[in-house]
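Notes follow once the structure below has been shown.
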Amino acid sequence: IGSFLYDLLFYPAYFSESWITFFTKGALALITGLVAWSGGTHGFNSRRNVVASVAGSLTYLVLYLFKVFTWDGLFQGRLTVQGALNLLAPKLPGSGINAALAIIFAPILAAAIQKALKGQFPRPTNAK
């Protein structure tokens with residue numbers, strides 16, 4: 001929600017696409033949460049959290065690149081398909097690095113937060 005609010009309220013250049021930010025970040029969170037909480041683990045399984053991080057990051061990466069192609073290229077830029085595809089090349093390295101860093105650090109951060117909050121929120125008795 002933070003990225004959406006920033007685009008909506010504080011960065012006029014992205015105001016018109018703030019709804020896209022809301023959708024893409026929401027999809028990232030939904031996919032990550034569904035995977036991390038699947039199988040009754042409630043987010044307490046480290047391996048599943050890594051898989052969740054990969055799934056969420058790849059979801060966001062695909063949606064972001066699709067947004068660049070369609071919204072930035074075809075819709076706003078009024079480019080040809082080839083022109084819109086050309087917009088993707090400079091986005092791939094930075095977006096790929098961002099996804100890789102998220103995959104590495106999100107599970108580490110999740111484990112640290114879980115450890116810091118241990119006892120604050122009882123672990124579900126049916127968590128695997």
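Residue 83 passes every criterion in (1) more than 26 Å from residue 4 (Cβ to Cβ); (2) in a helix (DSSP H, G or I); (3) in contact with a Pro (Cβ under 8 Å, 6 or more places away or on another chain) apart from (3). If you check residue 39 against the conditions, is it open to solvent by less than 50 Å² (accessible area, probe 1.4 Å), modelled with pLDDT of 95 or more and in a helix (DSSP H, G or I)? No. With the condition kept exactly as written, say whether any residue in segment 2-14 is closer than 26 Å to residue 121 by Cβ, open to solvent by less than 90 Å² (accessible area, probe 1.4 Å), outside any helix (DSSP H, G or I) and not aliphatic (A, V, I, L, M). No, that holds for no residue. Residues in segment 15-31 that are within 23 Å of residue 56 (Cα to Cα) and open to solvent by 40 Å² or more (accessible area, probe 1.4 Å): 19, 22, 23, 25, 28, 29, 30, 31.
The values are calculated or read from the model by the stated rules, or taken from the named source; none is laboratory data. Quick caveat: nothing in here was measured; it's all calculated off a predicted structure. Backbone-built Cβ (ideal geometry, glycine too); neighbour counts: all protein chains shown. Accessible surface is based on the protein model in full, side chains and every heavy atom, while ligands, DNA and RNA are left aside. Shrake-Rupley method; radii C 1.70, N 1.55, O 1.52, S 1.80 Å.
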